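Take a look at the following structure, please.
Each value in this text was obtained by applying a stated rule to the coordinates, not by laboratory testing. Predicted, not measured: the structure shown is a model, and the values here were computed from it. For neighbour counting, all protein chains shown are included, and Cβ atoms are generated from backbone atoms with ideal geometry for every residue, glycine included.
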Amino acid sequence: MSAIANPTRSTDGADFDVIVIGAGFAGLYALHRLRQQGLTVRVYDAADGIGGTWWWNRYPGARVDFLGGPFYCYTFSEEIAREWDWTETQPDQPAILSYLNFVADKLDLRRDIQLGTQVTSPRFDRSDHRWHVTLGDATPASCRFLICAAGTLSAPFEPDLPGLDQFTGEYFHTGRWPQDDEVSFAGKRVGVIGTGSSAVQAIPIIAEQAQQLTVFQRTPQFTIPAANQPMPAELLTESQQNWTKTRCEMLESPAGAPLAYGERSQRSALSDTADRRNEVYESLWHTGGARIVFSSYNDLMTNVDANQTIAEFIRTKIRETVTDPATAAKLLPDHLFGTKRVIPNTNYYETFNRPNVTLVDLRADPIHSITATGVQTASGEHPLDMLILATGYDAMTGSLRRLNPSFGATNLQDKWADGVRTYLGLAVAGLPNLFMVHGPQSPSVLYNMPLGAERQTDWIVECIAALDQRGVVEIEPAAAAEDEWAARVSALAGTTLYPQAESWYMGSNIPGKPREFMVYLDALGYYQTLEQVAVAGYAGFVLT
Ligand code: NA7
């Protein structure tokens, strides 16, 4: 019954300078850069197409959250920027996948990408200083450097719901949506478990088509208007014609996309009267995306009292939008705003006014089991023709843990059993010549991810070039450097409210996963640090 399966194929193994795992934004760029460097490279991806997360996430309504085109894209090539016209401010999955295919063709990347190929059992061998991996059906391959670019939200999480394998209707996970067949909701009783970003995007669209939609909510979420719109021609033209300037602004922005966030506020929410605050929030509410977070006040994520002001503003919006007071009450979030990922929505709250939509509050009415014909909660059975799990991912570390690279007595699953240890979110002590793009403890999901992938990859490629120039055959972080980095990640998080939530940023959505904040919060400082580490001859690393 599990929808979460990856293909395993016959493959052609070989020996390369670099193997890259993952053909999403990061893996494609890594291939391009490494090839430019004259290195032999092979990219492997379990999917049957390129695109990474944008290949898998085809659920209805899937689109980029917050950082819209023309900023959610590669920045390294002015030619690509000029040739690709984004049509919406928050491009949807088909548009982003088309863009990545356009880039792959433009850069002639496909000849070095092998799809439908799961990489397993990477193990480093000191005798030849190489990583040896198994491909698909047991074909071997090896490389000097292994780059893991398998994504932060690519290991879907399917909760252990009793009876899930008994359900006889259609069953999907949003992160493994069918590739070929169009899923039809017409005339069906559909159930969605989960109310995170994926569900909030999918629910309004499913509700328009289904006979009946039942939403099973464990935690009500803060969502704000996406305000997606056709790409303003002047914004697109301005960014394309002045790409160097646009790129500089992106590099200088704390989030990697200046215009999408507007001006950053320098004021405390507590410095205004309640009336003035509401005017500020109201004026930014419909501008869309994260502007209300960054352009309103500067302490929403650091001060509980400031945070409560925007939390209450949004709760008022929910009460105003949802006509049935009992349903509205169930939708009111009670955690601190922004500590779980803030979700842009299009008609999410309005959807609960539809006569064919029912909200089940799992806190009051928990799931007992999944039956052959529906979901059994404490109050009774909810009959369903289709069950959709929008239950998220083993985020940040899931794909890496499942890959479980090893060297001698060290393997990643054991090493991270009590908590993540990395240096710069890029490398791991005990696992030489392994690099991660968007690894845990790097800015990853709280930065413009395509731009972050470029910047981290540039650093890795330049590092490999420097090592080759100096005849260095192995690089790995010193354990002390990892400890110091973990302390920095944690200290930064400690200045914010993020650690107070149960969120996938904290690993707390996965039973048994160590609870810790896994994002490096100061992206600008992070990239300065990378530069300093390189200039200092890769300080914090042991070179052999
Ligand atoms: P998320 O944001 O992790 O959301 C998962 C949802 O599933 C969330 O509402 C969870 O409730 C819910 N969930 C998880 N397990 C259960 C169980 N056992 N029972 C009921 N409900 C459950 O994943 P998404 O795919 O929506 O978004 C991931 C990111 O992808 C997103 O931020 C974008 O960046 C792209 P909880 O809140 O844990 O109580």
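Work through the residues other than residue 303 whose Cβ is under 15 Å from its Cβ and net out their charges, Lys, Arg +1 and Asp, Glu -1.
Numbers: positive: 267, 277; negative: 272, 299, 305, 312.
Result for the neighbourhood of residue 303: -2.
Now for a different question. Rounded to the nearest 0.05, what FRET efficiency do residue 531 and residue 121 have when you use their Cβ-Cβ distance and R0 = 25 Å?
That pair, residue 531 with residue 121, gives E of 0.10.
Take every Cα pair under 8 Å in the chain that's 6+ residues apart, average their separations, divide by the length, and report that relative contact order as a whole percent.
With pairs under 8 Å counted, the relative contact order is 19 percent.
Taking R0 as 30 Å, what's the FRET efficiency between residue 218 and residue 418 from their Cβ-Cβ distance, rounded to 0.05? Could the numbers behind the result be given before it?
Working: r = 27 Å, r/R0 = 0.88.
With a Förster radius of 30 Å, E is 0.70.
Skipping prolines and chain starts, which residues have an amide H placed within reach, meaning under 5 Å, of the one on residue 382, given they are 5 or more residues away or on another chain?
Here 375, 376, 377 satisfy the definition.
While we're looking at this one, here's another question. For segment 27-119, which GluC sites (Glu not before Pro) are in a loop by DSSP, counting at most 10 other Cβ atoms within 10 Å?
Working: sites: 78, 79, 83, 88; in loops: none.
Here no loop site has a sparse enough neighbourhood.
Oh, and also: Per residue, how much space in cubic angstrom lies within the convex hull of the C-alpha atoms of segment 301-373? Could the numbers behind the result be given before it?
Working: hull volume 9.6 nm³, N = 73.
Hull volume over Cα atoms, normalised by residue count, gives 131 Å³.
How would 316, 391, 346 line up from fewest to most surrounding beta-carbon atoms within 10 angstrom? All intermediate terms of the calculation are to be shown ahead of the outcome.
On the way: 316 13, 391 22, 346 19.
In order of increasing Cβ crowding within 10 Å: 316, 346, 391.
Could you give log10 I(q)/I(0) at q = 0.11, 0.16, 0.22 Å⁻¹ for segment 203-336, computed by the Debye formula over C-alpha point scatterers of equal weight, without solvent?
Per q value, in the given order, log10 I(q)/I(0) is -0.54, -0.98, -1.32.
Would you kindly derive the ³J(HN,Hα) couplings of segment 236-241 from the backbone phi angles with the Karplus curve 6.51 cos²θ - 1.76 cosθ + 1.60 (θ = phi - 60°), listing them in order in whole Hz, with x for Gly and Pro?
Once rounded to whole Hz, the list reads 5, 5, 4, 5, 5, 6.
Please report how many Lys pairs in the chain have alpha carbons closer than 29 angstrom, counting only residues at least 8 apart along the chain or sitting on separate chains.
9
Output the direction-averaged projected area (hull surface divided by four) of the convex hull of the alpha-carbon atoms of segment 257-394, in nm². It would help to have the intermediate numbers written out before the result.
Working: hull surface 42.9 nm².
It is 10.7 nm².
Of all alpha-carbon pairs in segment 332-383, indicate the percentage at a distance above 13 angstrom.
Here the tail beyond 13 Å accounts for 71 percent of pairs.
For helix 523-535, what angle does its Cα long axis make with the longest principal axis of the chain, in degrees from 0 to 90 and rounded to 10?
Computed tilt is about 0 degrees.
Also: I want to check the label-to-label distance for residue 305 and residue 353. Put each point 7 Å from Cα in the C-beta direction and report it in nm to one decimal.
3.6 nm
A follow-up question, please. Show me the trypsin sites (Lys or Arg not before Pro) within segment 384-458 that DSSP assigns to loop and that have at most 10 other Cβ atoms within 10 Å of their Cβ.
On the way: sites: 401, 402, 415, 421, 455; in loops: 421.
Answer in residue order: no site qualifies.
Next up: Nearest 10 degrees is fine. How inclined is helix 197-209 to the longest principal axis of the chain, computing both from alpha carbons?
50 degrees
Net charge near residue 476: determine it from the other residues with C-beta under 15 Å of the C-beta of residue 476, scoring Lys and Arg +1 and Asp and Glu -1.
Values: positive: 123, 126, 130, 144, 415, 421; negative: 125, 474, 482, 483.
Charge balance in the 15 Å sphere: +2.
Using alpha carbons only, what's the Rg to Rh ratio of segment 351-463 with Rh from Kirkwood?
1.18
Over all directions, how big on average is the projection of the convex hull of the alpha-carbon atoms in the chain, in square nanometres?
With every direction weighted equally, the projected area is 24.3 nm².
Now for a different question. How long are the semi-axes of the ellipsoid equivalent to segment 398-544, from square roots of 5 times the Cα gyration tensor eigenvalues, in whole Å, largest first?
Semi-axis lengths for segment 398-544 are 25, 18, 13 Å.
In whole Å, what three semi-axes, largest first, describe the equivalent ellipsoid of segment 76-155 built from its Cα gyration tensor (square root of 5 times each eigenvalue)?
33, 15, 12
At 10 °C and 1.306 mPa s, grab the translational diffusion coefficient of segment 41-106 from Stokes-Einstein with a Kirkwood Rh over Cα pairs, rounded to a whole number in µm² per second. Don't skip to the end; give the middle numbers.
Working: Rh = 12.7 Å.
The estimated diffusion coefficient comes to 125 µm²/s.
Moving to a separate point now. Size of the dipole of segment 186-325 about the Cα centre, Lys and Arg at +1 and Asp and Glu at -1 on the beta carbon, nothing else charged, in debye to 20? Mind showing how you got there, number by number?
Values: 13 positive and 15 negative charges, 103 e Å.
So the dipole magnitude of segment 186-325 works out to roughly 500 debye.
Calculate how steeply helix 304-321 sits against the longest principal axis of the alpha-carbon atoms of the chain, using the helix alpha-carbon long axis, and give the answer as 0 to 90 degrees to the nearest 10.
Its long axis makes an angle of about 50 degrees.
Any idea what the relative contact order of segment 344-471 is, in percent, if you count C-alpha pairs under 8 Å spaced at least 6 apart?
10 percent
Obtain the radius of gyration and the Kirkwood radius of segment 461-544 from its C-alpha atoms and give Rg over Rh.
Taking Rg over the Kirkwood Rh, I get 1.08.
Kindly provide the Kirkwood hydrodynamic radius of segment 28-140 in Å, to one decimal, from all pairs of distinct alpha carbon atoms.
16.0 Å
Report the trypsin sites (Lys or Arg not before Pro) located in segment 337-373 that are in a DSSP loop and have at most 12 other Cβ atoms inside 10 Å of their Cβ, or state none.
Answer in residue order: 363.
Can you give the net charge of the other residues whose Cβ lies under 14 Å from the Cβ of residue 188, counting K and R as +1 and D and E as -1?
Taking every other residue near residue 188 into account, the sum is -3.
Would you mind checking which residues have amide H under 5 Å from residue 139's amide H? H placed 1.01 Å from N; only 5 or more apart, or other chain.
For residue 139, the qualifying residues are 11.
Any idea how far the Cα center of segment 313-335 sits from the one of segment 360-439, in Å?
Centre-to-centre (Cα) distance: 30 Å.
Give the average over all directions of the projected area of the C-alpha convex hull of segment 58-197, one decimal, in nm². Walk me through the numbers on the way to the answer.
Working: hull surface 52.2 nm².
That works out to 13.0 nm², a quarter of the Cα hull's surface.
Name the long-range amide H neighbours of residue 542: under 5 Å, sequence gap of 5 or more, or other chain; modelled H, no Pro or chain starts.
Counting only residues 5 or more places away or on other chains, the set is 476, 478.
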